[in-house]
1. Treating only the Cβ atoms of Lys and Arg (+1) and Asp and Glu (-1) as charged, compute the dipole magnitude of the chain about its Cα centre; round to the nearest 20 debye.
2. So, counting K/R as plus one and D/E as minus one, what does the shell of residues with Cβ under 15 Å around I20 add up to?
3. Taking the simple approach of a point 7 Å from Cα along Cα-to-Cβ for both M44 and Y76, what is their distance in nm?
4. Residues with beta-carbon under 13 Å from that of Q82, excluding Q82: net charge, scoring Lys, Arg +1 and Asp, Glu -1?
5. Just to verify a number: FRET efficiency for N105 and A24, C-beta to C-beta distance, R0 = 30 Å, to 0.05?
6. Mind checking the full-extension length gain between M1 and I51? Use 0.36 nm per residue of separation minus the Cα-Cα distance, one decimal, nm.
7. I'd like to know which of T64, I20, Y4 lies farthest towards the positive end of the charge dipole of the chain, counting +1 on Cβ of Lys and Arg and -1 on Cβ of Asp and Glu.
8. Starting from the Cα of K34, draw a straight line to each of the lysines and keep only those under 29 Å, dropping any in the same chain fewer than 8 residues away.
Amino acid sequence: MNLYDRFFNGEIQLWKTYWIGLVAVNVITQLIIKILSNANANFMLILIMSISLLLWSAAALIATWRSAKKYTGSIYFKSLAQIAVVFGWISLFANCSAVLVYFKNQ
């Protein structure tokens, strides 16, 4: 099984799934998109990166939930991760709306 399959199926440690797969990737990608937007980069490049980020975010939220379900450590960390995933979905839907409005006005 490859790394992505292990990640998506929740077989990677919860802390790695959450902090690296979800938080770090999203922060870095959002920074790159922001820099490209401020630099008036190619519209299609920003669009592709934005869609890719939304798709990755959805996959990372699913992976984090699955990893939390398999987590055998503290119920506190398991619950925090699942709460973060719920808020992550809310944020993802809000970001989808914002992206659609942004690209509609371009």
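Bear in mind that the values in this text are calculations on the coordinates, not laboratory data. Bear in mind that the values here come from a model prediction, so they are computed numbers and not experimental data. When we count neighbours, we look across all protein chains shown, and the Cβ atoms used for this are built from the backbone with ideal geometry, even at glycine.
1. Dipole of the chain, to the nearest 20 debye: 180 debye.
2. Combined, the nearby Lys, Arg, Asp and Glu give +1.
3. That separation, rounded to one decimal, is 5.1 nm.
4. That works out to +4.
5. That gives a FRET efficiency of 0.50.
6. 15.4 nm
7. Going by the charge dipole, the pick is T64.
8. K16, K104
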